[in-house]
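Visitor: Below: one structure in structure tokens.
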Protein chains: 4
Amino acid sequence: MSAVLVHDAYGKSLVRLTKVTRHADRHELKELAVDIQLEGEFAAAYTAGDNSRLVATDTMKNTVYALAKGHPLRDIESFGQTLARHFLDNNAHVASARIHIVEHAWRRIEVQGRDHPHAFLGGGAEKRTMTVSLTRQGLHIESGIDDLLLLKTTDSAFRGFLRDRFTTLPETDDRIFATILKADWLYGPDAADWNDCHRTIRQALLETFAQHKSLGVQQTLFAMGVAALASCPQIEEIRIAMPNKHRLLVNLQVFGMENANEIFVATDEPHGLITGTMRRGQ
Amino acid sequence: MSAVLVHDAYGKSLVRLTKVTRHADRHELKELAVDIQLEGEFAAAYTAGDNSRLVATDTMKNTVYALAKGHPLRDIESFGQTLARHFLDNNAHVASARIHIVEHAWRRIEVQGRDHPHAFLGGGAEKRTMTVSLTRQGLHIESGIDDLLLLKTTDSAFRGFLRDRFTTLPETDDRIFATILKADWLYGPDAADWNDCHRTIRQALLETFAQHKSLGVQQTLFAMGVAALASCPQIEEIRIAMPNKHRLLVNLQVFGMENANEIFVATDEPHGLITGTMRRGQ
Amino acid sequence: MSAVLVHDAYGKSLVRLTKVTRHADRHELKELAVDIQLEGEFAAAYTAGDNSRLVATDTMKNTVYALAKGHPLRDIESFGQTLARHFLDNNAHVASARIHIVEHAWRRIEVQGRDHPHAFLGGGAEKRTMTVSLTRQGLHIESGIDDLLLLKTTDSAFRGFLRDRFTTLPETDDRIFATILKADWLYGPDAADWNDCHRTIRQALLETFAQHKSLGVQQTLFAMGVAALASCPQIEEIRIAMPNKHRLLVNLQVFGMENANEIFVATDEPHGLITGTMRRGQ
Amino acid sequence: MSAVLVHDAYGKSLVRLTKVTRHADRHELKELAVDIQLEGEFAAAYTAGDNSRLVATDTMKNTVYALAKGHPLRDIESFGQTLARHFLDNNAHVASARIHIVEHAWRRIEVQGRDHPHAFLGGGAEKRTMTVSLTRQGLHIESGIDDLLLLKTTDSAFRGFLRDRFTTLPETDDRIFATILKADWLYGPDAADWNDCHRTIRQALLETFAQHKSLGVQQTLFAMGVAALASCPQIEEIRIAMPNKHRLLVNLQVFGMENANEIFVATDEPHGLITGTMRRGQ
């Protein structure tokens, strides 16, 4: 029997970088986790144990720290590009570099109503993310938001769905809508201010979620995607995943009480998972 | 051989409650996880399988939902007391009830600069906690904060520590100080406004962390405890645990670069763990 | 601005099923977590809130339990197919169903050297997995193993890799090789005994890992894939991902001790991540 | 206001140690996570920033690796004592050392039916644990088991429990009993073979769980504790915690099907939590 290697990639994951930029009047803090994956002429390492073309993953880790030293880190998108270009520019046998960065947010501690110059508290579960895919042919940049918990207590219905012999779910005009948003948007060829786009798209997603009269998670997801595309002309496409983190009405009637949409149990398992990709129309 | 049962307790954990209070102009949202543990005359269940005095843990779960219906849930401390009293008042054979509640925070989504009346986003990893211990003899109420990430980029030194043959750590005048705060404070007999106390103590902890010129985690922890006690006269004692979530300076000299306290690697393992309990002096 | 929906899918995740089959002399236990994702004519739900073609995700959950009742559950691959076919057979507007199942293993407790007929202990982190993708055009079945921890204490070198200005890693002839295996193999059109194949492939992966004189993770990964393909003629392709869970030699020289490859620190972050896909040659 | 420090302790957590002992014919592998907590005359560090008596937690970490070099690591109990004694013997101002060790099990890979000399696979979620508390007055050694998943499909009833107005749980003669065992036993003054005791106690716990005709989790927990005490004369006391990881019968009647105790949904939240401490009688 013979076997052929039809695909391969390797790299370093979870390179955790903290950078402090020390201005006279305040410090800037960035905390990132960087994943690197390279593709290229690495087959000999797999098939023959010939490592001569392997950039050691330990070297990739070092590269993150060394390049972070000279980079302003204003946004993760430009740092991701710097990293990707480094691997292609310095290694003719590397065909593509994929850099994925997760940024963990910190907020300044307020002391007597004013932002402290060098003390921070954790910014929560929400993460800003970025994936650069650089090949010899071109560059793709996707940015995103992950783990953003959203919940609305009304303006959410679910009616008129298909009923079959296994359907027991009652229709409802007013349920809690809770989710953990993941959204990834693809930038087009025009230059973008990554921080502005992130802020604008995030706000469009939040406002649409809040204000939408939802007939279903699918409909709200689409409305959010449309709003995101409208908010930032530099993006071409947005992909959204929204689990339905159910809050189930508790039956209080057995205790002689009415539950007027007040008392719920939150469940993580099982959960719905709704996804959609929206692209700018012509 | 004979064996005796020298201690026993049982209950229900992770009862997840969502309560929505629907005012005309806005909705209030509370999300809690409730743990219940009872002690009392339950030995026969252990030694003889006689369950006649066991409150089923399923009944405890139902009780959380039923009592939440009639409770305003302005603060978790009063709801915890209501739950604890229920179990003692209705069961003469229950000697003590311990109710532990974790509150997961939600913030309102801002739409065009104004808080939305019924749409929320997740408040982050930080939790507000509370433990009521009610016996036939008395009541203890502890409140707390958990999983509050804190980081300061300067004003933190660590010098003059004991050196032995296994010591390799260099002294430093300027390191990053990062931690995940857990603090629990014990209320005295005087009535307290639990929400005010939580807010005041939290702010005292944050401000002290930010402004302290730290000579070590121990010293900052003590200063934070002192400030907390000073901020809220109703508390008698505060217990603080602060892991030292190290940010290690990366050696860039091997690449011919200077690392002027700029580039760090964040590590979770191993971590220091510093604890202290401070009590109001006489 | 106009926006178009270019892709959509939805379903239910983490439907946790326990099935007990009660034979006269012993009980069989299966514990699964099932994810379902459907594609089809669902666009109206997204763009117009028209839910009339939506199979509610709650109905999907019910379907798992109802179909599990009549299914022997001898292997997850056949149950996955039954579920996928159900959704396509009963819904002309469903174009594809993707069923992903994770099986959590249980082993029988040994009592006086013999397997107990109805008492079990947890089988560990390792999971057996399966993904069926059924469309109107055809069927793909992938099976796999996930979270299988592997470690060898010798027969692992890493030498001759590329060195650039950021390389500091020394070459080594003898290091610990630790990983958490994920492998997924694609079945060809011929009928397979899924349980036999799983057992055979798993053993081939384990034996090859154990016996390979590794010149690098890449080389061992390829050898393992080749062995898996050789062990089971019914599979066409195998995809393997192996993180390099580093065990770093501790420097004991500073304490006047020699570390003869004995004392290591285990780290989770950062970690190498090596992937490869091997296909049966012609 | 004045505040006093009424308790303090500090140390290092999650020091991850891998030790390989290289015999001619086979390698032994131990992987541990060590937590150290010291108490003593450390108040000046808290109240005055005087670190002169602080053993740096980094030094504690180094100490684990250095002492592991010279220790056979046959069992974690003796290594824990070695560590504890080190801190008291070398620091007159240290009043107590508490060492907690978690051992992650590895099993040998079988190759052609025989244990491989140096290749291992992960031993599962179950952990062996140990806590030594050493003071100038004496020594306490507790050993334990954690995260041991257990499930029996029959011989488990729950009847005759107290019913109040919030009780809805039906009585049952035959339910699934699933738990994640945590057990900790206290050794008496007589020398013990720690590995033998661990093996014997574990087997007693498993066999009793399997064979007990359970009238409730409490009764089974007590029986397991009694059996553990009987199995190993060197222990004086055992503390057991058993969450009730519910498997709930799925209602299939709505689909016209009977569910003869076959189809269940596994839930993690909420869960019962039953604890008990058993001591050897006189």
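Visitor: Taking R0 as 25 Å, what FRET efficiency do you get between B:E258 and C:R159 from their Cβ-Cβ distance, rounded to the nearest 0.05?
Guide: The calculated FRET efficiency here is 0.20.
Visitor: Cross-link candidates for D:K19: which aspartates and glutamates have Cα within less than 16 Å, leaving aside residues fewer than 8 places away along the same chain?
Guide: Those aspartates and glutamates meeting the cut-off are C:D174, C:E258, C:E262, D:E28, D:E31, D:D75, D:E77, D:E103.
Visitor: Under a plain spin-label model, where a point goes 7 Å from the Cα along Cα-to-Cβ, how far apart in nm are C:D193 and A:Q137?
Guide: Going by the 7 Å Cα→Cβ label model, 4.5 nm.
Visitor: Which of D:G124, D:G225, D:G144 moves most in a GNM of chain D, Cα contacts under 10 Å?
Guide: Between D:G124, D:G225, D:G144, it is D:G124 that shows the largest mean-square fluctuation.
Visitor: Summarise the partner chain shielding of A:105-111 as one whole number: the mean count of Cβ atoms from other chains within 10 Å of each residue's Cβ.
Guide: 4
Visitor: With just the Cα atoms defining each centre, how far is the stretch D:150-228 from the stretch C:127-196? Give it in Å.
Guide: 39
Visitor: List the distances, in nm and shortest first, from the label point of A:Q211 to the matching label points in every other copy, placing each point 7 Å from Cα along the Cα-to-Cβ direction.
Guide: 4.1, 6.8, 7.1
Visitor: Compute the label-point distances linking D:A44 to its equivalents in the other copies; points lie 7 Å from Cα along Cα→Cβ; give nm, one decimal, shortest first.
Guide: Computed spacing set for this position: 6.0, 6.4, 8.1 nm.
Visitor: HN-Hα J couplings of the stretch C:264-271 from phi, Karplus 6.51/-1.76/1.60, θ = phi - 60°, integer Hz, Gly and Pro as x?
Guide: After applying 6.51 cos²θ - 1.76 cosθ + 1.60, I find 10, 10, 8, 10, 9, 10, x, 9 Hz.
Visitor: Still on this structure, I have one more. Leaving out ligands, DNA and RNA, and with a 1.4 Å probe, what % of the accessible surface on the stretch A:142-282 is carbon or sulfur?
Guide: Of the solvent-accessible surface of the stretch A:142-282, carbon and sulfur hold 51 percent.
Visitor: Which residue, A:Q219, A:Q37, A:Q253, has the most motion in a Gaussian network model of chain A that connects Cα atoms within less than 10 Å?
Guide: A:Q253
Visitor: When the dipole is taken about the Cα centre of the stretch D:1-105, and only Lys, Arg (+1) and Asp, Glu (-1) are charged at their Cβ, what size is it in debye, to the nearest 20?
Guide: 380
Visitor: Per-residue mean of other chain beta-carbon atoms within 10 angstrom of the beta-carbon, peptide C:13-26?
Guide: 5
Visitor: Taking just the C-alpha trace of the stretch A:146-282, give me its Rg and Dmax in Å.
Guide: Expressed in Å, the Cα Rg and Dmax of the stretch A:146-282 come to 17.4, 63.
Visitor: Under a Cβ-Cβ cut-off of 12 Å, what is the net charge of the residues other than B:E126 that fall near it, where Lys and Arg count +1 and Asp and Glu count -1?
Guide: In short, +3.
Visitor: So what is the accessible area of chain A per residue, in Å², with the probe set to 1.4 Å?
Guide: Spelled out: the 1.4 Å probe surface of chain A, per residue, equals 39 Å².
Visitor: Would you tally the net charge around B:R22, using a Cβ to Cβ cut-off of less than 11 Å, leaving B:R22 out, and scoring K and R as +1, D and E as -1?
Guide: That works out to -2.
Visitor: Of the residues B:M242, B:M257, B:M224, which exhibits the maximal mean-square fluctuation in a Gaussian network model of chain B defined by a 10 Å Cα contact cut-off?
Guide: Highest fluctuation among the options: B:M257.
Visitor: When chain A is turned about an axis onto chain B, which of its residues keeps its C-beta closest to that axis, and how many Å is it?
Guide: A:G124, 2
Visitor: With an 8 Å Cα cut-off and a minimum separation of 6 or more residues, compute the relative contact order for chain A in percent.
Guide: After rounding, I find 12 percent.
Visitor: Under the definition of Cα pairs under 8 Å and six or more residues apart, what whole-number percent is the relative contact order of the stretch D:5-46?
Guide: Computed over the stretch D:5-46, the figure is 46 percent.
Visitor: If you don't mind, another one. Quick check on chain D: helices-only [θ] at 222 nm, where DSSP H runs of length 4 and up contribute -39,500 (n - 2.57) each and the sum goes over total residues. Nearest 500, please.
Guide: -7500 deg cm²/dmol
Visitor: Can you compute the FRET efficiency between B:H23 and A:N251 using 1/(1 + (r/R0)^6), with r the Cβ-Cβ distance and R0 = 25 Å? Round to the nearest 0.05.
Guide: Here the calculated transfer efficiency is 0.55.
Visitor: Determine, at each q value in 0.07, 0.17 (inverse angstroms), the log₁₀ of I(q)/I(0) that the Debye formula gives when each Cα of chain B is one equal point scatterer.
Guide: -0.37, -1.31
Visitor: Please report, for the Cα atoms of the protein assembly as shown, the Rg to one decimal and the Dmax as a whole number; what are they, in angstrom?
Guide: 29.9, 87
Visitor: Under 14 Å from the Cβ of D:E258, count the other residues' Cβ atoms, weight Lys and Arg +1, Asp and Glu -1, and hand me the total.
Guide: Neighbourhood net charge equals +1.
Visitor: Quickly work out the A:A48-to-D:T172 label distance, labels modelled 7 Å from Cα along the C-beta direction, and quote it in nm with one decimal.
Guide: 6.2
Visitor: Quick one: label points 7 angstrom along Cα→Cβ at B:N261, distances to the other copies in nm, smallest first?
Guide: 4.3, 5.6, 6.9
Visitor: Here's a follow-up. Please report the relative contact order for the stretch A:176-282, taking Cα pairs under 8 Å with a sequence separation of at least 6, and give it as a percent rounded to a whole number.
Guide: Averaging sequence separation for qualifying contacts and normalising by length gives 34 percent for the stretch A:176-282.
Visitor: Peptide C:151-163: average number of partner chain Cβ atoms within 10 Å per residue?
Guide: 6
Visitor: I've got another one for you. Hand me the trypsin sites (Lys or Arg not before Pro) from the stretch A:156-248 located in a DSSP loop with no more than 14 other Cβ atoms within 10 Å, in residue order please.
Guide: A:R159, A:R163, A:R165, A:K213
The values are calculated or read from the model by the stated rules, or taken from the named source; none is laboratory data. As the structure is a computational prediction, the values presented were derived from the model and not from experiment. Cβ atoms come from the backbone with ideal geometry, glycine included; neighbour counts cover every protein chain shown. For accessibility, only protein heavy atoms count, side chains too; no ligands or nucleic acids. Shrake-Rupley method; radii C 1.70, N 1.55, O 1.52, S 1.80 Å.
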